[in-house]
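K.L.:
Next up is a structure, given as structure tokens.
The values are calculated or read from the model by the stated rules, or taken from the named source; none is laboratory data. Values in this document were obtained by computation on a predicted structure and should not be read as measured data. Here the Cβ positions follow ideal geometry from the backbone for every residue, glycine too, while neighbour counts run over all protein chains shown.
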Amino acid sequence: MSAETVADLVTRLEQHPFTQGFPTSALDKLTQAATLQTFQPGTFLLREGRDADHFYLLLQGQAAIELYLPERGVIRLQTVGPGDVVGWSWLLPPYRAAFDVTVINTVQAITFDAARLRRLLDDDPTLAAHFLRRLVAVIAQRVHATRLQLIDMYAVKGGRP
């Protein structure tokens, strides 16, 4: 990777809400597993049940986090966009995606190779602490949003049954 490319990635990482405030040394390390990519509408970033081998920091565009339910078809759980992250199934075995993530309109993202990212986190406990603290916050927010959506879908009018 050229010095210009690394500098561009560091700048974009400094500006992304997920990595904003990370020490420069941590951002420099993260560039070892990162590339800048563009994805066209209809592209799947993740497919449920398939290898979860990438982690994405969205810079532009939108993607839908979706789940297929046999009796209901595809349901959209959440729409994500600039400043959001996609994917955490890469972190724990068996490294399989739990949802589909489909590009709605052209997405530009910092894409991390999951195997390289895991090695970086394994080798640097300080980087891992920064990274995992932020990732757990994202997971908690997504679980909360999904809970609210389920309450809305299945709420009994007039209060609790």
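K.L.:
Between Thr31, Thr19, which is in contact with a Leu (Cβ under 9 Å, 6 or more places away or on another chain), within 28 Å of Pro94 (Cβ to Cβ), assigned to a loop (DSSP other than H, G, I, E, B) and not basic (Lys, Arg)?
P.N.:
Values: Thr31 fails: assigned to a loop (DSSP other than H, G, I, E, B).
Just one listed residue meets the conditions, Thr19.
K.L.:
Could you grab me the full set of residues in region 111-129 that are surrounded by 15 or more Cβ atoms within 10 Å (Cβ to Cβ) and under 27 Å from Phe44 (Cα atoms)?
P.N.:
Scanning region 111-129 gives Thr111, Phe112, Asp113, Ala114, Leu117, Arg118, Leu120, Leu121.
K.L.:
When both residues are 6+ apart or on different chains and their Cβ atoms are under 8 Å apart, which pairs have a first residue that lies in region 73-98 and is touching a residue at least 24 places away in the same chain (Cβ under 8 Å) and within 9 Å of Ala52 (Cα to Cα), and a second that is among the small types (Gly, Ala, Ser) and surrounded by fewer than 16 Cβ atoms within 10 Å (Cβ to Cβ)?
P.N.:
Ser89/Ala98; Arg96/Gly49; Ala97/Gly49
K.L.:
Looking at region 111-143, which of the residues that are in contact with a strand residue (DSSP E or B) (Cβ under 9 Å, 6 or more places away or on another chain) and modelled with pLDDT under 95 is farthest from Trp90 (Cα to Cα)?
P.N.:
Arg142
K.L.:
If a residue must be surrounded by fewer than 20 Cβ atoms within 10 Å (Cβ to Cβ), out of contact with any Leu (no Cβ under 7 Å at 6 or more places or on another chain) and either at pLDDT 95 or above or acidic (Asp, Glu) (or both), how many such residues does region 96-110 contain?
P.N.:
Within region 96-110, residues that are surrounded by fewer than 20 Cβ atoms within 10 Å (Cβ to Cβ), out of contact with any Leu (no Cβ under 7 Å at 6 or more places or on another chain) and either at pLDDT 95 or above or acidic (Asp, Glu) (or both) number 4.
K.L.:
Enumerate the pairs (first residue in region 115-139 and more than 13 Å from Phe18 (Cα to Cα); second residue anywhere and in a helix (DSSP H, G or I) and of a type in the set (Asp, Glu)) with beta-carbon separation below 9 Å, excluding pairs fewer than 6 apart on the same chain, so at least 6 apart or on different chains.
P.N.:
Sorted first by the residue in region 115-139, then by its partner, the pairs are Ala128/Asp122.
K.L.:
Of the residues in region 32-64, how many are surrounded by 20 or more Cβ atoms within 10 Å (Cβ to Cβ) and either free of Cβ contacts under 8 Å to residues at least 60 places away in the same chain or within 14 Å of the chain's Cα centre (by Cα) (or both)?
P.N.:
Total meeting the criteria: 10.
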